[in-house]
Structure formats: C-alpha cells, structure tokens
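Working notes, beginning with the structure itself.
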Amino acid sequence: MKQVKKLWITLTVIVVISFAIIGYYGFEIYREAPPIPEKVVDLEGNVIYTKEDIQEGQRVWQSIGGQELGTIWGHGAYTAPDWNADWIHREAVFILDLWSQKLYSQDFNSLYEDQKALLQTNLKNYIRENHYNPETKNLTIGPDREEAILHNQIYYTKLFSNDPELAQTREHYAMIENTVLGEENLHRINAFFFWTSWACTTDRPGENITYTNNWPPDKLMGNEPDGSLMLWTGFSIMMLLLGIGFLAFYHAKNTEEEINKDFLPKEDPLLGIHPTPSMKATLKYFWVVSLLIFLQVIFGVITAHYGVEGQGLYGIPLADILPYSVTRTWHVQLAIFWIATSWLATGLYIAPAVSGFEPKFQRFGVNFLFICLLVIVLGSMTGQLLSIFHYFGLDMSFWFGHQGLEYVDLGRFWQIFLFVGLVLWLILVLRALWPALTKKNPDHNLLVLFVISSIAIAVFYGAGLTWGTHTHLSLIEYWRWWVVHLWVEGFFEVFATVVIAFLFVRMQILDINKATKATIASASIFLIGGIIGTFHHLYFTGTPTAVLALGSTFSALEVAPLVFMGFEAFHNYRVSKATEWTKNYKWPINFFISVSFWNLIGAGVFGFMINPPIALYYMQGLNTTPVHGHAALFGVYGMLGIGLTLFAIKGLSAHAPWKEGMIKFSFWALNIGLVLMIVLSLLPVGLAQTVASVNEGMWYARSAEFNQQEYIRTLKWLRLVGDTIFAIGSLTLIYFIIGLKTGWSLKKE
C-alpha cells in the first residue's frame, strides 16, 4: 500500500506541475502572440487592410474548410499549398524582380550571383524590420511591399474565385470553383493571408527571430533555422536517451514474472459475467463503430485520390458534390468519432460488469446517448457540407457548419452537444460504478484511476469551447491542441490502459496489486512527457521560444516509453497462448499486440522523425506528418478501439468459439494495408518534399510544380495498393462483427 501511495503522489505531482507550466505559457502565448494591427497603412496613411478585415478573413477561411484546404502556419491539409509559404515567396519574387528592373533593367533570375546576394540581403532587412507601432496599433507598409501585396491579392482573388486563367491550378490544389464567394470575402481572406504571412517574416521586437521562429524556410526571404532550433534539437535527443536509460533501469528492476499457467483458472472467468440490459444496449454502438470505420476509409481513399486527380474520381466529377475539403473533413472527423465511440461504449459496457450493479434507467440512458451521438455525427457532417458550398453565412457556419480547424471542425453547436453527451456518458459510467467505488475492494485504486481518466475525457473536450469567432489564431492553436493532444493522446491513453488492465484482471491473468501499480506507473510515465509535450505542435504558431524549448524536451520523453512496447507486445502474446480458453481471445489480443507495434513505429519512430525542432522546421505540413498521423491515430488508437470492440462483443454474443478465417484476414489486411500506404506512398513523398524544402523552401515542397512531377504522381498512385487492401480489411471486419451476433462468425458446437 505504501508503494501504491507513492505512485499516486508521483502521478499527482506530475499532473499538477505539468498543467501549471502549460497554463503559465498559455498566458505567455497570449501576451507575446503576433499583434493584429488596427490598420495596415501605407506611408501616406492610406488603409490597405483593417483589423476587421483580418479577423473576418480568418472566419472566411474557416468557413470554407480552413485547415482542410491547404495549411496556415503548417497546420492542415497537404494537397493545396501552405498559404503562408506561398504568399511570402510570391512577395519575395515580386520585390526582387521590381528592384532588379530598377537597378539592372533585367529580371532577378538573370543577375550575377553577387548581385542576387546583395538584393536578397536588402530584401531580408526590408521585410524583417518590424513596423508595427504598439501605441497607434497600426502597421506601416513601404511602397514596394504594398505593390507586392496588391499583386498577391490579384492572384489569390483569381485563385479562390472562378477565373479561368487559374482553372488548372485549382485542379492541382483540389479546389472547387468559387471557393470563396463575393468580392468583400475575397478581400478579407487576402487580409488574413497577409497578416499570418507577415508574422512569418517579421522579427519580434528586440529579437532577431520572427514571430514564427523563422518558419517557413525560404532562402529568398532569408528565413533559415535559428540557432535555438539546433540547440533544442540536440537537447531533445539527450532527453530521449536519458528517458530510455531510466526506463530500462525501471523495467529491469520491476520485470514482471512469467505467467504461471498452474495458477490460471481452468475456465474462462468472463463466462460468469451475465450482460445487463444496459450492457446489451451497447452492442449497437459497436455495430455503428464498424460502419463508421468503413465510411472513414472510403472518404480517405477519395481524399487521397484527389491528390492526383484534383476534382474527380477516375473521370467522375465527384468534386461537384463532394470536394476535397469535404471528404478530408469527414475522413478526419469520422476517425475521431468512431475511435472515441468504441472507447466510450467500452466504458458503458465495463462499468456494470465491474460493479455487478445495474442502476435504474441505465439502459434508457445508454440508448438516449446513442441517439444523441448519431444526431451529432449526421448533423455536424451535413453542416460542414453546407458551409463549404456557401449555404451558411459566417455566423451560421461557426455555429452549425465548419470551424475549419483540423480534428475540431464541427460547428460550435455540435461541439457543445458533444460536450454535453460526454458529461452524460460520465454520469452513466459513474452511477454504474458507484457501489464498487464505495467499497474498499482490492481493485479500488484501479477503479479510482478509471474514474479520474473518465472525468478527464468528459472535461478536457471542453477546451474546444474556449475560443470565439475572433480569437487570435495563436490562442486557437494552443487550445485546439489541448483537445487533439491532451484529450486524445493523453487521457484516452490512460483510460485505455486501465480498461485493458481491468479485462486482464477479470480474466485472472494479472494480479490485481501488480496491475494497479503498473497502471498508475504507466499513467505517470505517459503524462510526464505527454502534457507538456503538447507544445511540440506549437513551435511555429506565433509562440515564444520557451514553448519550443519545452515542447522539444518533453515530446522526446513521450517517445521513451514507446521504445519498450515490445515487452508489452510479448506479454500480450504470452497471454493469448496461456491456456485453451485464453486462445479464444486471440484476435482481440492480437489487435492489442498491433497497438504495441504501431506505438513503437507510428508514435515512436515516425513521431520522433518529425518532432525535433530542426526536423519539424523543414517537415511541418509535408506528407511526413500524415505518416505519423496515420500510423499513430489508426495504428494505435484505431487498433486499440477495434480490440476493445471485439472484447466487448465477445461478451455480448454467444460464447461459442470464433471462426478465425474472416477476422484473421481482416487483421492482416488492416495492418498490411496501413504499412503499404505508408512505405509505398506517404513516406517517400514526404521525404522527397523534405529534400525540396531544405534545398529550395517550403513554398516549393508544397507547390503544384513539385507535386505534379511524374514520379511524385506515381508515388501518390501507389497509395491505391495499401488503401485497397486496408478498405477490404475494414469491410471484412464489419462482416465478422455482425456475424458474431447473427452466428455466421461462430463455430457450431
């Protein structure tokens, strides 16, 4: 008990200190974020843009899909450009050509290298000087830059409308005709692009680094990595090695004993659990989960195909009704929906099983929550479609349409609805667990951690309600990653760890005392890096250098425990082989084994590939990001959701052994398909883009000129191999899951 108490104290200290740090630096981000000027004016005081133009431009950008159509500050989708990298490079080319004509009467590219170097040095000095006046709150622009801004505005107005001159460019970027409607909205989105790009090229007051830490890389603009990126990259590698060394010692000191088959029960202990009415009511959740998996995969296939055929699907003009910004929105959002639903349903299933208590009206609550979740899924997806096709105004889009923020795209009304649904879920879980919580049983500590993680799941989604219609983009990114990183990667991780421990304890495979200590220790290890490690998403979003230092240091610690996932995989493998009855759980456990593999590869290897500051400086917003995203989100959380789903459905279906053929095929198709889509397409495209980003700049790595090269298009086409195998695997999974209830997936006695 003393050891457990020490573990609880350690976990509490880690959580309190970590949140104090990210809370403090949240205030620093607010204080030091790039200012939004009241007016952008020329030397005579003529207004180019107003603060209202910039803020309303941000809303226009969000309403058309925002981060689902290109990126801002490196966050978003990958087919269209990063609008900041594109804007600043066009600005640089225009000014350099303008000066070259004035001084040498020829284009910049025709000059001698020493002449080019002189003009580039002058450009850097001209652009990087900060002309924002904190007293008047106005930003003054010189005449040459004003010309460049107006030149860019003409180009983007043509691109985002329906100008035939740029029709092919829109196709390459998977943009629909009239992406933005109306001259006023076109002017506003240009204002927003200008301001976010200005932050990328303007030095912070009193410093020699821009508001975005010199991101994006662009040689013409003089945007190159600062020394701090090198320093903290080296320090993050040192912290990774230190973390691995500490955990190696911890693991050696606390190596678990071999599973003693002599002390295992002779029959499956879970057979004694009789599903209550509310437990049975969770079955439809898992059926919907399997359907949403398939829909998510289908929209993913379409989205990937738009990368080579921007406005069609094998000649079918699908973009007329389902453009890229819609399919990618749905692809990302459905992933969050089905993974979260599988875990929430597991919580509803396991709570009465643990306590042996079925509260009054519990089944009604489970059914009511199911209806609410269906309404949220269908309502939010419909609103996003209507917003992108301009059926909603800006206010309506914010509330019921598209917020344009990756992973939290759904309108504010649907966000609130989902938050209320999560609170309802928490109440349903707690009322079922209450009798067990009030008793001092051996599993009391495990139950308490389960409750804490459940509360965190409900509460931390509320971080997505913190921003409003005119909130500064730096602060939106700060809070958005509370949802994406802390909610999904943090507390869902703890929740899943506790649930798996409960399952193995109930199967009498794990000793309750060892499971309790291991689970609390695991939560501490994950959260010591995971909470502050949230900052590794915020290196280049208008945040101070301290955020970069903390993010790089603690995100390295996130990777350390993933190096030891092989031990967890081997333990789960031994569990599946322990007795004849544990072999019946072979495939749910195999999905847990695949979670360990993808944790090591997807979250560990591919995560650390992009997380060090100098790596992310060149890689952010390239296809290296979806390499990590697919391998970590589906490989880890998706496979875990499927494993939990299979465990729960096994308890809700007949207790006959499973026919292995279909689920075996599905398991390998999903894993092999995921590997192939990464190694045949995403990774080689991402690495090629990285080389282009280092050699030329982010603007080139994301340009149509680069991405429409024949070999890049071939690599994108090769994704079809992995996508097809993966889609077949998801389809056979649906068939198998439904068959567990209907009987066609069960062996006949």
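Scanning the range 386-406 for residues that are outside any loop (DSSP other than H, G, I, E, B), free of Cβ contacts under 8 Å to residues at least 60 places away in the same chain and within 19 Å of Thr327 (Cβ to Cβ) turns up just one, Leu386.
Could you look through the range 81-103, keep only residues that are of a type in the set (D, E, K, R) and under 19 Å from Phe160 (Cα atoms), and pick out the one that is surrounded by the fewest Cβ atoms within 10 Å (Cβ to Cβ)? The residue in question is Arg90. None of Asn190, Asn223, Asn185, Asn213 is open to solvent by 10 Å² or more (accessible area, probe 1.4 Å) and not acidic (Asp, Glu) except Asn185.
Flag set for Tyr78, criterion: open to solvent by 10 Å² or more (accessible area, probe 1.4 Å), modelled with pLDDT under 95 and within 22 Å of Phe540 (Cβ to Cβ).
Using the structure shown, decide if Gln106 is of a type outside the set (D, E, K, R), in contact with a helix residue (DSSP H, G or I) (Cβ under 7 Å, 6 or more places away or on another chain), over 26 Å from Arg204 (Cβ atoms) and exposed (fewer than 14 other Cβ atoms within 10 Å of the Cβ). Against the criterion (of a type outside the set (D, E, K, R), in contact with a helix residue (DSSP H, G or I) (Cβ under 7 Å, 6 or more places away or on another chain), over 26 Å from Arg204 (Cβ atoms) and exposed (fewer than 14 other Cβ atoms within 10 Å of the Cβ)), Gln106 qualifies. Taking each residue of the range 308-319 that is on the phi < 0 side of the Ramachandran plot and touching a residue at least 60 places away in the same chain (Cβ under 8 Å) and looking for partners that are of a type in the set (Lys, Arg) and open to solvent by 30 Å² or more (accessible area, probe 1.4 Å) with beta-carbon atoms closer than 6 Å, six or more apart or interchain, yields Val308/Arg713; Val308/Lys716. I'd like to check something: does the range 347-370 contain any residue that is within 19 Å of Ile293 (Cα to Cα) and open to solvent by 10 Å² or more (accessible area, probe 1.4 Å)? Yes - at least one qualifying residue is present in the range 347-370. Screening Leu715 on (1) touching a residue at least 40 places away in the same chain (Cβ under 8 Å); (2) open to solvent by less than 60 Å² (accessible area, probe 1.4 Å); (3) not charged (D, E, K, R) shows it passes everything except condition (1).
Exactly one residue out of Glu135, Glu171, Glu147 is charged (D, E, K, R) and in a loop (DSSP other than H, G, I, E, B), and it is Glu135.
Residues in the range 200-252 that are touching a helix residue (DSSP H, G or I) at 6+ places or on another chain (Cβ under 6 Å), over 23 Å from Gly74 (Cα atoms) and assigned to a loop (DSSP other than H, G, I, E, B): 0 in all. In this entry, Trp330 is excluded by the filter for residues that are aromatic (Phe, Trp, Tyr), closer than 30 Å to Phe492 by Cβ and open to solvent by less than 10 Å² (accessible area, probe 1.4 Å). Within the range 723-749, the set of residues being open to solvent by less than 30 Å² (accessible area, probe 1.4 Å), in a loop (DSSP other than H, G, I, E, B) and either under 30 Å from Val679 (Cβ atoms) or in contact with a Pro (Cβ under 7 Å, 6 or more places away or on another chain) (or both) is empty. Of the helices (runs of 4 or more DSSP H) that lie entirely inside the range 585-697, those containing 2 or more residues that are among the β-branched types (Val, Ile, Thr) and open to solvent by 30 Å² or more (accessible area, probe 1.4 Å) span 660-677, 683-695. Scoring Gly57 on the criteria (1) closer than 21 Å to His151 by Cβ; (2) open to solvent by 20 Å² or more (accessible area, probe 1.4 Å); (3) under 28 Å from the mean Cα position of the chain (by Cα) leaves a single failure, condition (2).
Criterion applied to Trp581, Trp658 was being of a type in the set (Phe, Trp, Tyr), modelled with pLDDT under 90, touching an Asp or Glu at 6+ places or on another chain (Cβ under 9 Å) and farther than 25 Å from Gly529 by Cα, and the one residue passing it is Trp581.
Selection within the range 323-375: residues that are outside any helix (DSSP H, G or I) and among the aromatic types (Phe, Trp, Tyr). The member of this set that is modelled with the lowest pLDDT is Phe357. Within the range 110-139, track down each residue that is open to solvent by less than 50 Å² (accessible area, probe 1.4 Å) and under 20 Å from Glu207 (Cβ atoms). Hits for the range 110-139 are Leu123, Ile127, Arg128, Asn130, Tyr132, Leu139. Of all residues in the range 431-442, at least one satisfies being in contact with a Leu (Cβ under 8 Å, 6 or more places away or on another chain), within 26 Å of Trp8 (Cα to Cα), in a helix (DSSP H, G or I) and open to solvent by 20 Å² or more (accessible area, probe 1.4 Å).
Residues that are hydrophobic (A, V, I, L, M, F, W, C) and assigned to a helix (DSSP H, G or I) within the range 107-132 comprise Phe108, Ala117, Leu118, Leu119, Leu123, Ile127, listed in sequence order. Residues that are at pLDDT below 95, within 22 Å of Gln403 (Cα to Cα), out of contact with any Ser or Thr (no Cβ under 6 Å at 6 or more places or on another chain) and open to solvent by less than 10 Å² (accessible area, probe 1.4 Å) do occur in the range 279-301. For the condition touching a residue at least 12 places away in the same chain (Cβ under 8 Å), surrounded by fewer than 20 Cβ atoms within 10 Å (Cβ to Cβ) and part of a helix (DSSP H, G or I), Phe413 qualifies.
Within the range 24-37, identify whether any single residue is of a type outside the set (Ser, Thr, Tyr), modelled with pLDDT of 95 or more and over 24 Å from Thr212 (Cα atoms), and answer yes or no. No, the range 24-37 contains no residue that is of a type outside the set (Ser, Thr, Tyr), modelled with pLDDT of 95 or more and over 24 Å from Thr212 (Cα atoms). Those helices (runs of 4 or more DSSP H) of the range 458-564 in which at least 3 residues are surrounded by fewer than 24 Cβ atoms within 10 Å (Cβ to Cβ) and more than 18 Å from the chain's Cα centre (by Cα), considering only elements entirely within it, cover 492-506, 512-530, 545-559. Every condition in (1) more than 27 Å from the chain's Cα centre (by Cα); (2) under 30 Å from Val448 (Cα atoms) is met by Glu113 except one, and the failing one is (2).
The values are calculated or read from the model by the stated rules, or taken from the named source; none is laboratory data. Note that the structure is a prediction, hence the values are computed from the model and not measured. Glycine also receives a Cβ, built like all others from the backbone with ideal geometry; neighbour counts cover every protein chain displayed. We work out accessible area using only protein heavy atoms, side chains counted, and drop any ligands, DNA or RNA first. Shrake-Rupley method; radii C 1.70, N 1.55, O 1.52, S 1.80 Å.
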